[in-house]
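The values are calculated or read from the model by the stated rules, or taken from the named source; none is laboratory data. What you see is a predicted model, and the numbers here were worked out from it, not measured in a lab. Here the Cβ positions follow ideal geometry from the backbone for every residue, glycine too, while neighbour counts run over all protein chains shown.
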C-alpha cells in the first residue's frame, strides 16, 4: 500500500489508489515506455494530459519506527518539492510522481529489502532511501539495477564515489563532519570541552558521528572520556546503562547521535542526577514533541543540535520556496530536510532529459554532467567527484525554544569552523 501524507501541503493533484491499474492498462494497450518508471501516459490524477509521467520510489520510516516523525515530515518535504516542480512545468515533458510507489519500512532492513523488490520494476529512481545500513545493504542490487537514489541520511560514505558507486545523491555534510563543525561552534560559543562522552546508536549513523568527535578531539587536545553504543528504546529497553556510564566518566560535554526519545531520557536523567555539563546533538536527536516531555527544562537550558539545512524561517531562496509550497508550519524540521536533499535528483533528471537519457543507465551516465543548485538552502558537493569539498560545508545551530517554529530557534546559520580544514579526510569516516 502506498503511504501518503498531506499535512499542510497545497493540493496540486489527487493521487488515486488505482494508480497501478492505470499503469497496467497503459502497458496492455501498447502504451510506449522509455524505461522502467517512465511512461507517456499522464501521472495518476494529473490535469496535465499533455505530459508523461516519471515514477520515483520512496522507502522510508513513515510509521512505527524510531524516526517515523522525521521520516514522515521528510516525505512531506519531497512531495511538496516535486509538486512545485510539476506546477512549474515538470521535467522534459514529464510530471513527477512519488506517491504511487511510496512504502513504509519502519527502518527495518528486511522490510526495506522487500519493498525495494516490490517497487523496483516500476520506478526510474528512488526519491528517498531512508536508513544508511538499509541502503548499503541494497547497493549490490541497486548497482545491478542501475538504481539511483537520494540519500535520506548523512553517512560520510555518500560523499565518496568509492563507497556509493555513483548511485546515492547527497546534499549537506556528513554525520562525521557535523560533529567536527558542531564542536568548533560549541568551543567558540560555550567553552572548550576537554572530556567528551559520545552516546551513539550502533551502526553508520552513530559510528560516523563518534568518529568525527574523535577526530576533533585529537586535533584540539581533548579526550573522548567515553564512547557508548546504544540503540532505540524499542530495542534496548531504556538508557539507564549509558546514563550510569556517563556519570562515572564525568565528562564536561555529552554528544548525542540517537533518536529523540533516547535524547530526552538521557538528558533528563543526567541532569536529575546532578550532571552540570552541556549536550550537543545531531539533527535526528530532535523533535519538538520533546518540549512536552519531563526533560524539556533541561533541554532548553543545556542542549543544542545542528543541521545541514537552512532554517524554516531562513532567508535563502530555497527556504522561501519551501515555505511557499505549504499552507502552514510543517510537523517538524524534516520537511525542510526532505526538500533540500531533493535538489540533486531534480538536477539529474533535468540533465538526463536534456540528453535524451531518461533511463536508469542514462541517469548514472549523467551524474558527472549535472549541475545541482541548492538555492542557498544546502551545500551540494560536486556531482560525481571522488570526494567532497569540505571547505564548502556549513552548519546551522539550533536551541529549543517554545516560541519558535517547530520548537527550535536557529542561533547560527552558515557556520564554518576551523578544524575541518586541518583534517585529512579522503575516505568515509566509518565503513560498517
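Of the residues 281, 241, 268, which single one is free of Cβ contacts under 8 Å to residues at least 40 places away in the same chain, crowded, with 24+ Cβ neighbours inside 10 Å and assigned by TED's automatic domain parsing to the domain that holds residue 181?
281
Select from segment 40-61 the residues that are within 13 Å of the chain's Cα centre (by Cα) and under 16 Å from residue 99 (Cβ atoms) and list them in ascending order.
58, 59, 60
Are there strands (runs of 3 or more DSSP E) fully within segment 205-320 with at least 1 residues that are within 17 Å of residue 70 (Cα to Cα) and in contact with a strand residue (DSSP E or B) (Cβ under 6 Å, 6 or more places away or on another chain)? List them.
Here the list reads 253-257, 278-281, 303-307.
Kindly provide the set of residues from segment 197-225 that are at pLDDT 95 or above, touching a helix residue (DSSP H, G or I) at 6+ places or on another chain (Cβ under 8 Å) and surrounded by fewer than 20 Cβ atoms within 10 Å (Cβ to Cβ), ordered by number.
Those that are at pLDDT 95 or above, touching a helix residue (DSSP H, G or I) at 6+ places or on another chain (Cβ under 8 Å) and surrounded by fewer than 20 Cβ atoms within 10 Å (Cβ to Cβ): 219, 220, 223, 224.
Does segment 97-111 include one or more residues that are part of a helix (DSSP H, G or I), within 30 Å of residue 356 (Cβ to Cβ) and in contact with a helix residue (DSSP H, G or I) (Cβ under 9 Å, 6 or more places away or on another chain)?
There is no residue in segment 97-111 that is part of a helix (DSSP H, G or I), within 30 Å of residue 356 (Cβ to Cβ) and in contact with a helix residue (DSSP H, G or I) (Cβ under 9 Å, 6 or more places away or on another chain).
Filter segment 112-126 for residues that are touching a helix residue (DSSP H, G or I) at 6+ places or on another chain (Cβ under 7 Å) and not in a helix (DSSP H, G or I); which is farthest from residue 345 (Cα to Cα)?
124
When you check residue 404 against the structure, is it over 27 Å from residue 161 (Cβ atoms), surrounded by fewer than 21 Cβ atoms within 10 Å (Cβ to Cβ) and touching a helix residue (DSSP H, G or I) at 6+ places or on another chain (Cβ under 6 Å), yes or no?
no
For residues that are in a helix (DSSP H, G or I) and more than 25 Å from residue 77 (Cβ to Cβ), tally how many sit in segment 374-394.
Total meeting the criteria: 2.
Of (1) closer than 22 Å to residue 299 by Cβ; (2) touching a helix residue (DSSP H, G or I) at 6+ places or on another chain (Cβ under 8 Å); (3) at pLDDT below 95, residue 253 satisfies all except one. Which?
Checking residue 253 against (1) closer than 22 Å to residue 299 by Cβ; (2) touching a helix residue (DSSP H, G or I) at 6+ places or on another chain (Cβ under 8 Å); (3) at pLDDT below 95, the one that fails is (3).
Just to be sure before I move on: is residue 182 modelled with pLDDT under 95 and surrounded by 18 or more Cβ atoms within 10 Å (Cβ to Cβ) in the structure I sent?
Answer is no for this residue.
Which number in (1) assigned by TED's automatic domain parsing to the domain that holds residue 276; (2) surrounded by 24 or more Cβ atoms within 10 Å (Cβ to Cβ); (3) in contact with a helix residue (DSSP H, G or I) (Cβ under 8 Å, 6 or more places away or on another chain) marks the one condition that residue 129 misses?
(1)
Could you list, in sequence order, the residues of segment 340-365 that are part of a helix (DSSP H, G or I) and touching a strand residue (DSSP E or B) at 6+ places or on another chain (Cβ under 8 Å)?
Of everything in segment 340-365, those that are part of a helix (DSSP H, G or I) and touching a strand residue (DSSP E or B) at 6+ places or on another chain (Cβ under 8 Å) turn out to be 340, 343, 344, 345, 346, 348, 349, 350, 353, 360, 362, 363.
What number of residues within segment 151-165 are touching a helix residue (DSSP H, G or I) at 6+ places or on another chain (Cβ under 6 Å), part of a loop (DSSP other than H, G, I, E, B) and on the phi < 0 side of the Ramachandran plot?
Total satisfying the criteria: 3.
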